[in-house]
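Contents: one structure, followed by commentary.
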């Protein structure tokens, strides 16, 4: 995985901050990662103004998210807080809200709870039917 920090470092000083330009930048990065079969994490900043949708707080245009496969927003109520919320959204994943707590001894963020559990695929109908038939046989075999 490759991490790129602070989008200002990968933007040209002469580039406009427009949807089309932001979309083009992320499209090039995404094309590079797809061609090399790697994962890339682009670290960007949020704006200070709050929003109902956390992803509207990403600084810049919607073009930054327009082509990305997913996004994470890590936020704290107060800068000095040891509690944080990680909002996860993406094209091929269910939206999630993960609550983290900073361990003050190790300074590592630890999982506190997950508000939205990931969706789990139901078992295949055939294996479900086989399981139910097995259970019925076992129930009949029990002494009454």
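The values are calculated or read from the model by the stated rules, or taken from the named source; none is laboratory data. What you see is a predicted model, and the numbers here were worked out from it, not measured in a lab. Note: ideal-geometry Cβ built from the backbone for every residue, glycine included; neighbour counts use all protein chains shown.
Couple of notes before you dig in:
- Scanning segment 12-33 for residues that are touching a strand residue (DSSP E or B) at 6+ places or on another chain (Cβ under 7 Å) and at pLDDT 75 or above turns up at least one hit.
- Within segment 111-128, considering residues that are under 22 Å from residue 93 (Cβ atoms) and surrounded by 10 or more Cβ atoms within 10 Å (Cβ to Cβ), the one modelled with the lowest pLDDT: 123
- Some residue of segment 72-79 being touching a helix residue (DSSP H, G or I) at 6+ places or on another chain (Cβ under 6 Å) and modelled with pLDDT of 85 or more: yes
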